[in-house]
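The values are calculated or read from the model by the stated rules, or taken from the named source; none is laboratory data. Nothing here was measured: the structure is a model prediction, and the numbers come from that model. Using ideal geometry, Cβ is built from the backbone for each residue, glycine included, and neighbour counts are taken over all protein chains shown. In case anyone asks, the SASA skips ligands and DNA or RNA and just uses the protein heavy atoms, side chains included. Shrake-Rupley method; radii C 1.70, N 1.55, O 1.52, S 1.80 Å.
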Amino acid sequence: MFSNLISKYNVPGPRYTSYPTVPYWEENTFSLAAWKESLKRSFNDNKEISLYIHLPFCESLCTFCGCNKRITKKHEVESPYIESLLREWDLYLEVLGEKPTIREVHLGGGTPTFFASENLKFLLNMLFRKANRDCQTELSFEGHPNNTTKEHLRMFADLGFKRVSYGVQDYSEKVQKAIHRVQPFENVKRATDQAREAGFESIGHDIIFGLPFQTKNDIIETIEKTKLLMPDRIAFYSYAHVPWIKGNGQRGFKDSDLPQADEKREMYEVGKQMLEAAGYVEIGMDHFALKTDSLYKALEEKKLHRNFMGYTTSSGASMIGLGVSAISDSWYGFAQNEKSVEAYQSLISDGIIPVFRGHILNEKDLTIRKHILNLMCHLETNWGSTEDYFEELPEILGKLREMETDGLVSFSENGLTIPEKGRPFVRNICMAFDLRMQERKRDTQLFSMTV
Ligand SMILES: C[S@@+](CC[C@H](N)C(=O)[O-])C[C@H]1O[C@@H](n2cnc3c(N)ncnc32)[C@H](O)[C@@H]1O
Ligand code: SF4
């Protein structure tokens with residue numbers, strides 16, 4: 001029965017870290033001036049901002065990786081890149097016109113821990129110097145277990161970082177070789193223990209199901225090992241196979257080396273059962289957290305938010321993305337930076353905010369954005385008030401009737417909820433609301449499969 005549902009609904013679809021999703025941005029009506037205006041509008045509503053800082057360098061290529069990264073062993077790239085980030089920050093401060101309060105900083109990548117600890121310390125201190133921060137500012141970073149050192153952890157902890165997520169992926173040797181990422185359990189244990197000793201309160205592990213040559217047993221063993229360390233959060237990602245975008249790495253193995261949809265779903269089911277039995281609660285899509293973690297508390301208090309970083313506990317503030325390929329979000333608009341290090345640095349040295357595309361949301365986009373966020377974060381949405389209603393809604397609800405018959409959504413008078421059975425199909429339900437995608441009917445092969 002469940003496998004029938006999988007074959008029926010397993011289609012390519014977005015992960016809804018934004019609405020509209022990037023391929024459906026209206027780029028021809030976007031301009032840097034409009035982006036700056038949207039940021040100022042948002043800053044007038046709320047003087048807090050979140051910062052995402054993209055640190056793209058990695059020493060070695062993992063062949064499954066879908067992130068924007070630059071592979072190099074030359075650490076001379078660190079200082080010029082940091083100079084560019086600081087100049088970009090100055091350009092944004094000019095737009096804001098007054099000192100912002102930083103609500104959240106997240107260092108992502110690539111591999112932030114590619115950078116020497118003293119370089120990261122310099123970068124962060126220089127960023128903080130021009131803004132206000134308080135004890136509620138949430139600071140976090142993505143660490144590679146193979147190269148996160150005690151010095152990194154001590155430096156981050158001294159600056160107030162409390163959260164780290166480590167890339168684990170899978171512990172099986174066969175899978176690790178296939179994805180070109182050899183990383184024994186001892187390395188993850190060391191990095192996890194050292195983070196706890198340094199005072200980190202929330203440690204996350206990223207695990208992926210659906211990797212080449214991976215079996216259900218590999219997932220069971222990976223989660224058994226994960227339980228020995230009991231990270232506070234677990235991102236349990238479905239492997240996103242998008243070789244048409246990430247050509248260089250993801251072509252390193254054949255499609256036939258990947259587990260098929262049914263097998264992949266079983267991996268998710270077994271993983272989910274094991275995690276729940278160990279005390280983790282599923283948060284939205286892909287994420288699990290212990291009840292002591294702030295992500296779980298945000299879910300309980302209905303304060304969960306989703307953006308380009310995935311699920312977060314902070315909402316409201318604009319997010320400024322610094323660095324190559326980083327995406328900024330003012331709520332009223334999105335903007336993405338140049339994707340190559342050279343193009344990014346060249347615009348910065350000319351004193352130009354290095355965005356190359358974006359989208360300014362109209363009223364209908366904003367309403368739909370709210371519904372999709374509600375569905376992705378809280379598995380429910382409603383349209384009781386006039387500002388949550390839009391003219392195409394009845395048609396959208398009509399499209400969802402078949403999913404209702406299949407038990408994947410249930411309707412109330414002015415709302416809908418997604419029951420447990422519908423949870424794996426949340427992306428499909430969001431797709432019914434995605435008018436931008438329906439209007440443009442562009443090739444959906446831009447996305448990975450929904451299930
Ligand atoms: C920037 S990396 C984490 C930090 C560091 N670079 C590392 O690899 O340990 C972000 C995470 O994205 C996830 N990821 C990357 N490519 C993916 C893909 N194709 N499908 C699913 N998850 C992916 C991985 O779990 C990875 O740990
Ligand atoms: S998974 Fe992490 S370390 Fe590997 S290539 Fe991607 S960003 Fe770099």
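Does Glu94 meet the test of being out of contact with any helix residue (DSSP H, G or I) (no Cβ under 7 Å at 6 or more places or on another chain), away from ligand 1 (no atom under 16 Å from the Cβ) and more than 29 Å from Leu375 (Cα to Cα)?
In short, yes.
Per-residue answers, yes or no, for (1) in a helix (DSSP H, G or I); (2) out of contact with any strand residue (DSSP E or B) (no Cβ under 7 Å at 6 or more places or on another chain); (3) at pLDDT below 95; (4) open to solvent by less than 20 Å² (accessible area, probe 1.4 Å):
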site	(1), (2), (3), (4)
Phe213	no, yes, no, no
Glu224	yes, yes, no, no
Pro231	no, no, no, yes
Ala235	no, no, no, yes
Gly249	yes, yes, yes, yes
Met267	yes, no, no, yes
Gln273	yes, yes, no, no
Quick check on segment 304-314. Is at least one of its residues at pLDDT 90 or above, out of contact with any strand residue (DSSP E or B) (no Cβ under 7 Å at 6 or more places or on another chain) and assigned to a strand (DSSP E or B)?
yes
Could you say which residue among Glu221, Glu186, Glu138 is away from ligand 1 (no atom under 16 Å from the Cβ) and over 23 Å from the mean Cα position of the chain (by Cα)?
Glu221
With Ser140, Ser117, Ser79 as the choices, which residue is polar (S, T, N, Q) and in contact with a Lys or Arg (Cβ under 6 Å, 6 or more places away or on another chain)?
Ser140
Of the numbered conditions (1) among the β-branched types (Val, Ile, Thr); (2) crowded, with 16+ Cβ neighbours inside 10 Å; (3) away from ligand 1 (no atom under 16 Å from the Cβ), Thr29 satisfies every one except a single condition; which is it?
(2)
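Residue-by-condition table, conditions (1) acidic (Asp, Glu); (2) at positive phi; (3) touching a helix residue (DSSP H, G or I) at 6+ places or on another chain (Cβ under 7 Å):
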residue	(1), (2), (3)
Ile352	no, no, no
Leu366	no, no, no
Leu375	no, no, yes
His378	no, no, no
Trp383	no, no, yes
Leu397	no, no, no
Leu400	no, no, yes
Glu404	yes, no, no
Does Leu375 satisfy the condition of being of a type in the set (A, V, I, L, M, F, W, C) and without any contact (Cβ under 8 Å) to a residue 40 or more places away in the chain?
no
Spot the failing condition for Ile6; the list is (1) at pLDDT below 95; (2) of a type outside the set (S, T, N, Q); (3) part of a helix (DSSP H, G or I); (4) closer than 27 Å to Phe161 by Cα, and only one is missed.
(4)
Where a residue in segment 157-171 is farther than 13 Å from Tyr237 by Cβ and its partner, wherever it lies, is open to solvent by 20 Å² or more (accessible area, probe 1.4 Å) and at pLDDT 95 or above, with Cβ under 6 Å and at least six apart
Ala157/Ala198; Ala157/Gly199; Lys162/Glu201; Tyr171/Phe185; Tyr171/Lys225
Could you check Ile220 against (1) open to solvent by less than 10 Å² (accessible area, probe 1.4 Å); (2) touching a helix residue (DSSP H, G or I) at 6+ places or on another chain (Cβ under 8 Å); (3) part of a helix (DSSP H, G or I) and say which number it fails?
(1)
Residue pairs within 7 Å by beta carbon, gap of at least six or interchain, first lying in segment 38-62 and away from ligand 2 (no atom under 16 Å from the Cβ) and assigned to a helix (DSSP H, G or I), second open to solvent by 40 Å² or more (accessible area, probe 1.4 Å) and aliphatic (A, V, I, L, M), listed first then second, are Ser38/Ile360
For segment 322-370, what are the residues that are in a strand (DSSP E or B) and open to solvent by 50 Å² or more (accessible area, probe 1.4 Å)?
Phe356, Ile360
Could you please let me know if Thr21 is touching a residue at least 24 places away in the same chain (Cβ under 8 Å) and under 30 Å from Val168 (Cα atoms)?
yes
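Going by the structure shown, is His305 within 16 Å of ligand 2 (Cβ to nearest atom) and surrounded by fewer than 21 Cβ atoms within 10 Å (Cβ to Cβ)?
No: the conditions fail for His305.
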If we scan segment 137-160, do we find a residue that is within 26 Å of Pro243 (Cα to Cα) and of a type in the set (D, E, K, R)?
yes
Only listed residue being modelled with pLDDT of 95 or more and of a type in the set (Asp, Glu), chosen from Glu142, Glu104:
Glu142
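Counting just the residues of segment 115-126 that are open to solvent by 10 Å² or more (accessible area, probe 1.4 Å) and under 22 Å from Pro145 (Cα atoms), which one comes out farthest from the chain's Cα centre (by Cα)?
If we filter segment 115-126 for residues that are open to solvent by 10 Å² or more (accessible area, probe 1.4 Å), which is where we start, we get 116-119, 121-122, 125-126.
Now restrict to residues that are under 22 Å from Pro145 (Cα atoms): 116-119, 121.
On the way: Ala116: 24, Ser117: 24, Glu118: 27, Asn119: 25, Lys121: 24 Å.
Looking at residues that are open to solvent by 10 Å² or more (accessible area, probe 1.4 Å) and under 22 Å from Pro145 (Cα atoms), I get Glu118.
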Of the residues in segment 63-92 that are part of a helix (DSSP H, G or I) and open to solvent by 60 Å² or more (accessible area, probe 1.4 Å), the one that is farthest from Val168 (Cα to Cα) is Arg87
Near pairs, Cβ below 8 angstrom, 6+ apart or cross-chain, from segment 181-193 (basic (Lys, Arg)) to any residue that is away from ligand 1 (no atom under 13 Å from the Cβ)
Lys189/Leu228; Lys189/Leu229
Flag if Phe288 is in contact (Cβ under 8 Å) with a residue 40 or more places away in the chain and open to solvent by 50 Å² or more (accessible area, probe 1.4 Å)
no
